[in-house]
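Every number here is computed from the coordinates shown, using simple stated rules; none is lab data. Given the structure is predicted, the values throughout are model-derived calculations rather than measurements. Methodologically, a virtual Cβ is constructed for each residue, glycine included, from the backbone with ideal geometry; neighbour enumeration extends over all protein chains shown.
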Amino acid sequence: MASSRKLRTVLKPSPKNHISFSQNSFLQVFRKAALQIAEEQATDEAVAADSETLVANQIVVSTENLQKFVGRPKFTSDRMYEVTPPGVIMGLAWTAMGGSALYIETVLKRPVDLASEKDGSVETTGNLGDVMKESVRTALTVAKGILAREQPDNKFLDKAHIHIHVPEGATPKDGPSAGVTLVSSLLSLALKKPVVQDMAMTGEISLTGKVLPVGGIREKVIAVCYLTFSY
């Protein structure tokens, strides 16, 4: 079996395909490469008796053959949208596994009838907990206040029938850190303008519009790093 030092010299990443390895993945590549070298030596009739004098063929690891060494990806990206439409914003959550990115999707259930005497409504789905449902109601009040101050004639949020959904409904979601994202999502839909792309946000909001501190920032920032955002 080739030594670790020898493997470092014969195992090189492809210059055209830069690959970032975790420590476990790197060791897994070494083990598979060592096995491949040993199998080639076993079938080579001209191999020298002293393995230290053996010159092994170079092994190139690239994106094309990476799965051969480390297997299929264990986790997929949390990024569902390359370009978010109006009403859709990426939020950040803390989980027992670390940080996680999740989208908040706000859409109209039917066209807005500004002449109607009836008020609009809000429906929430996505297995939201009680705290997050309260955040939705608070966010709606804050968004209405901002819209009334900036565009007094805009009655969209008063008359619209809105559906707010957080994907992956099988996963329970709760916690006081979605207020800012919810307000931004509602205003984005009301103004028919998408938010700045490559942006994720977290933070709770008070009824008067004050942004409150939240926990798990380190884990949430790490979650953003996996999405290759420019932040």
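Shown here: the stretch 179-223, whose C-alpha atoms stretch 32, 27, 10 Å along the first, second and third principal axes, sorted largest to smallest.
Cβ under 9 Å from His163's Cβ, His163 left aside: what net charge do those residues give with Lys, Arg +1 and Asp, Glu -1? So the environment of His163 carries a net charge of -1. Binning the alpha carbon pair distances of the stretch 61-200 at 10 angstrom intervals from zero yields the distribution 11, 38, 29, 13, 6, 3, 0, expressed in whole percent.
Summing +1 for each Lys or Arg and -1 for each Asp or Glu among the other residues whose beta-carbon sits under 13 angstrom from that of Asp119 gives +1.
Sequence-ordered 3J(HN,Hα) estimates for the stretch 58-70 from the Karplus curve with 6.51, -1.76 and 1.60 and θ = phi - 60° stand at 6, 10, 9, 9, 9, 5, 6, 10, 4, 5, 4, 9, 10 Hz, glycine and proline given as x. Across all directions, the average flat footprint of the convex hull enclosing the Cα atoms of the stretch 130-197 is 5.2 nm².
Give the long-range amide H neighbours of Val122: residues separated by 5 or more places, or on another chain, with amide H under 5 Å away, using H modelled in the peptide plane at 1.01 Å from N. Close amide H contacts, sequence-distant or interchain: Ile162.
Can you tell me what percent of all Cα-Cα pairs in the stretch 110-149 are more than 16 Å apart? Of the Cα pairs, 51 percent sit more than 16 Å apart. For the pair Glu82 and Ser121, the difference between a 0.36 nm per residue extended length and the Cα-Cα distance amounts to 11.1 nm. Applying both filters, DSSP loop and at most 11 other Cβ atoms within 10 Å, to the trypsin sites (Lys or Arg not before Pro) of the stretch 94-186 gives Lys118. All other residues whose Cβ lies under 15 angstrom from that of Met132 are scored, Lys and Arg at +1 and Asp and Glu at -1, for a net of -4.
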